[in-house]
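Colleague: Have a look at this one.
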Amino acid sequence: MNRREFLAATFSAALAGGLTACDDHGASEMPKAPVTSVGPDGKRRIPWQNWSGYQHCLPQSRTSPKSEDELAELLKTGAGPIRPVGAGHSFTPLVPTDGTIVSLRHFSGLLSHDAAAMTASFGAGTKLGQIGEVLDGVGQALQNMPDIDEQSIGGAIGTGTHGTGAELGALHSFITALRLVTPSGDVLDCSRTQHPEIFDAARVSMGSLGVITQVTFQNVPTHRLKRKVWLEPVDQLIERFDELAAANHSFEMYFLPNCDSGVAITINPTDEPLRPRTAEPDNDAVMQMKKLRDVLGWWPGARRWLLNRATADYQPEEAVDVWYRIFPSDRAVRFNEMEYHFDREHLLPTLKQVRQRVESKHSEVFFPIEVRVVRGDDAWLSPFSGHTHSGSIAVHRYFAEDPLPYFSDIEALYQPVEGRPHWGKMHTLGADVLSRRYPNWKQFQSVREALDPQGRMLNAHLKKVFGLV
């Protein structure tokens, strides 16, 4: 009997025995999305919600300008607050507004490329998953990618989205130039030599300076990558973390709540023959762990024993393919997420605290906890700015369950080490704390105030983040 058959048989027996828990895990407390309605102006208002369904709003207007001229006019005259929207993969309320939501779906695709310089320019509305095949076709590759490729370029760089790798930076660190349409309608080409202060501010700016319409990436030649996935005792994996991070192009680990094993993933360049990835097992595994939580959440000893048995026969997986088919994974099970970043020296001590807290106080948790490393950079509001290397820990909660009690408890562990939240993932920090954790906070605010003196790009969330309420 393999692990899936074992778990399935266990679930069936437990369900037949009436062991299913009745806790709704806060589902009744979750925010409810608005419905389509008619505004005071007699026009229909269509609700918007993010991928997880946790964030939503009923804007006065939803629009998709087809040119920079249309966009510039909209930013000058549209109902505020004006918020750009990508794929809706942010878990913080960056988009919600009762004013105008702006889609960049017409600002998409490869605009130009330079084979000698190994650069390529894309519309900011391009989804990350649309980049790979196009770039590969012109002999180029992104230096790194996150493990989800549904986001738009604009949304990904605006929130500091990243992959993993001790010497690999976040997406925004590969940008050599960008074009910004400001709230006053100006169109600015920015780089390290053109409007350099705006460039440093705009690379991670949460859509607060205007709307970025295109970016240029510094790329590398296209190549193949080899991905390995295996399980080993989590204590051993934590002890080997620094060794594995140093020895591999890309490395990340997950620890599984109420299980003695952890998951390790490495990615390295290779010339080996193609061996494409098979069907994604992670989504089924997560839902199996949810079922086990539902059945045996009240009996942690039995739950741990079953998970240890179920993972004991896990066979290591290997795949070789073109870079863009190796980095991202399919994430079909919806969730809400909180991720914090800190100087690398704090990563493993903080991880041990998180593990202890999860297993001692949060039996409701079944999603694996993700641990990554990222090279530092110099974008002013990058969570990695000023660090040679950063570590990150991400916790998740099933989309239909209240994430706040769990996230609040874990978030407290990050404050003594001056953790910085991922801008697109849930957190509770405001300007009083954030301003002390970003060396260039005041410079960013000066640029923002100069570009948007009336605050047309600021919704309630950004006003809190920037200390304007």
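The values are calculated or read from the model by the stated rules, or taken from the named source; none is laboratory data. The model shown is predicted, which means the values in this text are computed figures rather than measured ones. Positions of Cβ are generated from backbone atoms using ideal geometry, with glycine treated the same way; all protein chains shown enter the neighbour counts.
Colleague: Yes or no: the range 460-469 includes at least one residue that is outside any helix (DSSP H, G or I) and either among the basic types (Lys, Arg) or more than 28 Å from LEU74 (Cβ to Cβ) (or both).
Modeller: No, the range 460-469 contains no residue that is outside any helix (DSSP H, G or I) and either among the basic types (Lys, Arg) or more than 28 Å from LEU74 (Cβ to Cβ) (or both).
Yes/no matrix, rows are residues, columns are (1) modelled with pLDDT of 95 or more; (2) outside the structural domain of PRO453 (by TED's automatic domain parsing); (3) of a type in the set (D, E, K, R); (4) surrounded by fewer than 21 Cβ atoms within 10 Å (Cβ to Cβ):
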position: GLY17; (1), (2), (3), (4): no, yes, no, yes
position: CYS22; (1), (2), (3), (4): no, yes, no, yes
position: ASN50; (1), (2), (3), (4): yes, yes, no, no
position: GLY78; (1), (2), (3), (4): yes, yes, no, yes
position: ASP98; (1), (2), (3), (4): yes, yes, yes, yes
position: ALA115; (1), (2), (3), (4): yes, no, no, yes
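Colleague: Considering each of VAL220, VAL215 in turn, give the residue that is surrounded by fewer than 21 Cβ atoms within 10 Å (Cβ to Cβ), touching a residue at least 24 places away in the same chain (Cβ under 8 Å), farther than 21 Å from VAL371 by Cα and not small (Gly, Ala, Ser).
Modeller: On inspection, the qualifying residue turns out to be VAL220.
Colleague: What about VAL373, is it of a type in the set (A, V, I, L, M, F, W, C) and within 30 Å of PRO221 (Cα to Cα)?
Modeller: Yes, satisfied.
Colleague: For residues that are among the charged types (D, E, K, R) and out of contact with any strand residue (DSSP E or B) (no Cβ under 6 Å at 6 or more places or on another chain), scanning just the range 67-76, find the one that is surrounded by the fewest Cβ atoms within 10 Å (Cβ to Cβ).
Modeller: Checked the range 67-76; the qualifying residue surrounded by the fewest Cβ atoms within 10 Å (Cβ to Cβ) is ASP69.
Colleague: Another one. Taking ALA87 as meeting all but one of (1) crowded, with 16+ Cβ neighbours inside 10 Å; (2) in contact with a strand residue (DSSP E or B) (Cβ under 7 Å, 6 or more places away or on another chain); (3) modelled with pLDDT of 95 or more, write down the number of the exception.
Modeller: Tallying (1) crowded, with 16+ Cβ neighbours inside 10 Å; (2) in contact with a strand residue (DSSP E or B) (Cβ under 7 Å, 6 or more places away or on another chain); (3) modelled with pLDDT of 95 or more, ALA87 fails exactly one: (3).
Colleague: Still on this structure, I have one more. Would you call SER363 polar (S, T, N, Q) and at pLDDT 95 or above?
Modeller: Judged against the criteria, SER363 is not a match.
Colleague: Next up: So which residues in the range 421-437 are touching a Pro at 6+ places or on another chain (Cβ under 9 Å) and within 15 Å of GLU337 (Cβ to Cβ), if there are any at all?
Modeller: PRO421, HIS422, TRP423, MET426, HIS427, THR428
Colleague: Further, regarding this structure: Looking at the range 291-328 only, could you name the residues that are of a type in the set (Gly, Ala, Ser), in contact with a helix residue (DSSP H, G or I) (Cβ under 9 Å, 6 or more places away or on another chain) and more than 30 Å from ASP271 (Cα to Cα)?
Modeller: Within the range 291-328, GLY297, ALA302, ALA310, ALA312 meet the criteria.
Colleague: Restricting attention to the range 321-350, report how many residues are under 22 Å from LYS228 (Cβ atoms) and surrounded by 20 or more Cβ atoms within 10 Å (Cβ to Cβ).
Modeller: Of the residues in the range 321-350, 5 are under 22 Å from LYS228 (Cβ atoms) and surrounded by 20 or more Cβ atoms within 10 Å (Cβ to Cβ).
Colleague: Answer yes or no as to whether GLY210 is in contact with a Leu (Cβ under 7 Å, 6 or more places away or on another chain), surrounded by fewer than 23 Cβ atoms within 10 Å (Cβ to Cβ) and under 30 Å from ARG448 (Cβ atoms).
Modeller: For GLY210, the condition - in contact with a Leu (Cβ under 7 Å, 6 or more places away or on another chain), surrounded by fewer than 23 Cβ atoms within 10 Å (Cβ to Cβ) and under 30 Å from ARG448 (Cβ atoms) - is not met.
Colleague: Going through SER363, SER390 one at a time, which residue ends up being in contact with an Asp or Glu (Cβ under 9 Å, 6 or more places away or on another chain) and among the hydroxyl-bearing types (Ser, Thr, Tyr)?
Modeller: Unique residue meeting the criteria: SER390.
Colleague: Does the range 227-253 hold any residues that are among the aromatic types (Phe, Trp, Tyr), under 24 Å from ASP321 (Cβ atoms) and surrounded by fewer than 22 Cβ atoms within 10 Å (Cβ to Cβ), and which are they?
Modeller: Answer for the range 227-253, where residues must be among the aromatic types (Phe, Trp, Tyr), under 24 Å from ASP321 (Cβ atoms) and surrounded by fewer than 22 Cβ atoms within 10 Å (Cβ to Cβ): just TRP230.
Colleague: Also, I was wondering about something else. (1) of a type in the set (S, T, N, Q); (2) buried (at least 19 other Cβ atoms within 10 Å of the Cβ); (3) more than 25 Å from the chain's Cα centre (by Cα); (4) more than 23 Å from VAL465 (Cβ to Cβ): which one isn't true of THR182, the others all being true?
Modeller: The one condition THR182 does not meet is (4).
Colleague: Go through the range 144-179 and count every residue that is surrounded by fewer than 18 Cβ atoms within 10 Å (Cβ to Cβ) and in contact with a Leu (Cβ under 8 Å, 6 or more places away or on another chain).
Modeller: Count: 0.
Colleague: Mind listing whichever residues of the range 309-343 are without any contact (Cβ under 8 Å) to a residue 60 or more places away in the chain and within 19 Å of the chain's Cα centre (by Cα)?
Modeller: ASP330, ALA332
Colleague: Only one of ALA412, ALA379, ALA394, ALA400 is buried (at least 22 other Cβ atoms within 10 Å of the Cβ) and among the hydrophobic types (A, V, I, L, M, F, W, C); which?
Modeller: None of the others qualify; the one that does is ALA379.
Colleague: Give the number of residues within the range 403-443 that are in contact (Cβ under 8 Å) with a residue 24 or more places away in the chain, in a helix (DSSP H, G or I) and within 20 Å of LEU351 (Cβ to Cβ).
Modeller: Residues that pass the stated criteria total 7.
Colleague: Any residue at all in the range 379-395 that is farther than 27 Å from SER205 by Cβ, out of contact with any Cys (no Cβ under 9 Å at 6 or more places or on another chain) and either of a type in the set (Phe, Trp, Tyr) or not assigned by TED's automatic domain parsing to the domain that holds ALA202 (or both)?
Modeller: no
Colleague: Can I ask one more? Kindly list, by first and then second residue, each pair from a residue in the range 264-281 that is acidic (Asp, Glu) to a residue that is surrounded by 12 or more Cβ atoms within 10 Å (Cβ to Cβ), limited to pairs with Cβ atoms under 7 Å and residues at least 6 apart or on different chains.
Modeller: Cβ pairs passing all conditions: ASP271/ARG224; GLU272/LYS226; GLU272/VAL320; GLU280/SER329; GLU280/ASP330.
Colleague: Against the definition (of a type outside the set (D, E, K, R), in contact (Cβ under 8 Å) with a residue 24 or more places away in the chain and surrounded by fewer than 21 Cβ atoms within 10 Å (Cβ to Cβ)), how does SER64 come out, yes or no?
Modeller: yes
Colleague: Take SER191 and tell me if it is in contact with a helix residue (DSSP H, G or I) (Cβ under 6 Å, 6 or more places away or on another chain) and within 22 Å of PHE107 (Cα to Cα).
Modeller: When the stated conditions are applied, SER191 passes them.
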